[in-house]
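The values are calculated or read from the model by the stated rules, or taken from the named source; none is laboratory data. Just so you know, these numbers come straight off a predicted model, no measurement behind them. When we count neighbours, we look across all protein chains shown, and the Cβ atoms used for this are built from the backbone with ideal geometry, even at glycine.
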Amino acid sequence: MLYLLLVLSVFVIGLLFWLWRWECSSFVRQIDRIPGPPKVPFFGNVFAIPRDGSEFLHTLHLKWVRKYGRIYRTWKGTSAIVSISSPQHVERLLTSQKNIDKSSYYAFLEPWLGNGLLLSSGEKWKKDRRLVTPAFHFQILGDFFDVFNRNAVILIDQIVNRLEDNKEMDIFPLISRCTLDI
């Protein structure tokens with residue numbers, strides 16, 4: 001019994017030491033400079049996230065945007081998540097050649113989708129992108145402007161028809177349909 005207590009004590013002390021080292025790491029200090037809700041050690045903000053549907057999650061996101069701003073951070077366990085709601089910041093992030101490495105969350109898709117343009121990163125992504133880019137040249141895309149414009153008008157009409165007193169609405173199904181139509 002005493003041996004089990006000793007092993008458990010060493011494990012708990014080791015865990016607390018790891019947590020202290022992790023909390024003091026430069027990565028955590030840099031991420032914590034971004035405003036966001038307070039985190040619980042080991043769990044982050046998972047207790048604030050709803051388990052019963054995305055509607056509440058959307059409401060929580062809006063609440064955090066109002067409270068912490070258009071860029072805020074949360075923690076899922078020991079993984080940092082930075083949420084960006086500003087179109088200008090999203091544009092800078094998406095057009096940057098600096099941050100093209102994929103998140104570890106993409107790893108579960110690799111057995112199904114392979115390591116093509118969608119999932120590759122770094123030099124392989126740059127090489128694959130150079131091969132595909134000519135297919136999207138403006139002269140080639142110019143032939144499709146009529147299709148783009150026609151479907152954009154349909155999308156705008158559908159959005160306008162669903163607007164109610166400046167309330168928020170989910171446009172994902174409309175965008176998905178428009179994308180498939182194009």
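Miscellaneous remarks
- The stretch 155-182 - residue that is in contact with a helix residue (DSSP H, G or I) (Cβ under 7 Å, 6 or more places away or on another chain) and assigned to a helix (DSSP H, G or I) and, of those, surrounded by the fewest Cβ atoms within 10 Å (Cβ to Cβ): Asp181
- Of note, Glu91 does not satisfy the criterion of being modelled with pLDDT of 80 or more, of a type outside the set (Phe, Trp, Tyr) and surrounded by fewer than 10 Cβ atoms within 10 Å (Cβ to Cβ).
- Within the stretch 30-47, the residues that satisfy the criterion of being surrounded by 14 or more Cβ atoms within 10 Å (Cβ to Cβ), touching a strand residue (DSSP E or B) at 6+ places or on another chain (Cβ under 7 Å), under 16 Å from Tyr68 (Cα atoms) and not basic (Lys, Arg) are Ile31, Ile34, Gly36, Pro37, Asn45.
- Hits in the stretch 17-39 (condition: in a loop (DSSP other than H, G, I, E, B), without any contact (Cβ under 8 Å) to a residue 24 or more places away in the chain and of a type in the set (Gly, Ala, Ser)): Ser25
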